[in-house]
Amino acid sequence: MSGGQPGAQHVVSQLMRESLVDKKLIAGTERSSVRPILPNLNVVQIGGLSIIDRGHTAVLPLLDEVVANQGDYTQVIGVGPGVRARHILSVGLDLGLPTGALATLAAKSSAQNAYMVSCLLASHGFVYLEAPFIVQLLPAMLAAARGAVFNGIPPYDLWEHPPALGKIPPHGSDAGSYLVAEVFGARSVTLLKDVDGLYTADPKVEPDATFIPEIRASDLVRMGLPTLPIEPALLDLLTRAKLARSIRIVNGLVPGNLSRALAGEPVGTVIYT
């Protein structure tokens, strides 16, 4: 407490009477530790175009694997948009809509996919959580349910950050699923795609492309690869990570890959801070 009017109480803080944009003050906050909220959580992102759009032959075996692992690993499932989002983005771009409006549209497709996944997992005790309830109810739901499913696209909506190039929203379901893991201090982040991991080029186009089993995010940015199986914005987030300090890209079409990733076995590509 400090002096002042009788009976007045003042909380002494390094932030008192300081500008919250002062660089020295901001740097000083690095000295305080960041507490993981749900350190046993495992965030699994299911790609919309790469997995969901392939239908039951790809989705159902993968969801069976999710259920089989839930007894050993607490999972929350982020789901991405598919080809429907690309169609609506094309229409929106043709109409001249700004990035924030496009982000709002793209999130609708992702939400539809997430709801379908939650329906398929409902009999196994999974619940669907909209974005606000991930913040408010996820710990309570995980105490009562076996797992949760959410829309992977972060709810920036009209507040989406304009990209450096073009107008397509830079933060999709890869970034959104990662941000959930970062804020809760999750044990692992697994991105399920239709490729075995990261390559020096698109292996579907260049069969001689070299596989990259692990790489630092900043090094990957410097490589400037022409194509990536993840959103470039995710690499920028990884370079500033405080809790979720790595992600793993895994081929979700290969049975057993998710189980191996959850167990920490060498599968796919690990990108770390």
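The values are calculated or read from the model by the stated rules, or taken from the named source; none is laboratory data. Just so it is clear, the model here is predicted, and its values are computed rather than measured. Because the Cβ atoms are built from the backbone with ideal geometry, glycine has one as well, and the counts that use them run over all protein chains shown.
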For this session: Would you tally the residues in the stretch 178-232 being at pLDDT below 95 and of a type in the set (G, A, S)?
Result: 3
Problem set entry | Among residues of the stretch 38-56, those that are in a helix (DSSP H, G or I), over 18 Å from A68 (Cβ atoms) and not basic (K, R), counted | 2
Problem set entry | Residues that are in a helix (DSSP H, G or I), over 17 Å from G152 (Cα atoms) and β-branched (V, I, T), drawn from the stretch 67-93 | V67, I88, V91
Exercise. Considering only the stretch 206-232, how many residues are surrounded by 19 or more Cβ atoms within 10 Å (Cβ to Cβ) and under 16 Å from the mean Cα position of the chain (by Cα)?
Worked result: 4
For this session: Could you tell me which of the residues I51, I26, I46 is within 26 Å of the chain's Cα centre (by Cα), modelled with pLDDT under 95 and not acidic (D, E)?
Result: I26
Seminar exercise, completed: Only one of A122, A164, A106 is surrounded by fewer than 20 Cβ atoms within 10 Å (Cβ to Cβ) and modelled with pLDDT under 95, namely A164
For this session: Output the qualifying pairs, or none if there are none: Cβ atoms under 6 angstrom, residues six or more apart or on different chains, first residue in the stretch 158-182 and of a type in the set (A, V, I, L, M), second residue surrounded by 14 or more Cβ atoms within 10 Å (Cβ to Cβ) and outside any helix (DSSP H, G or I).
Result: A175/E231; L179/P154; V180/V43; A181/V43; A181/V189; A181/A244
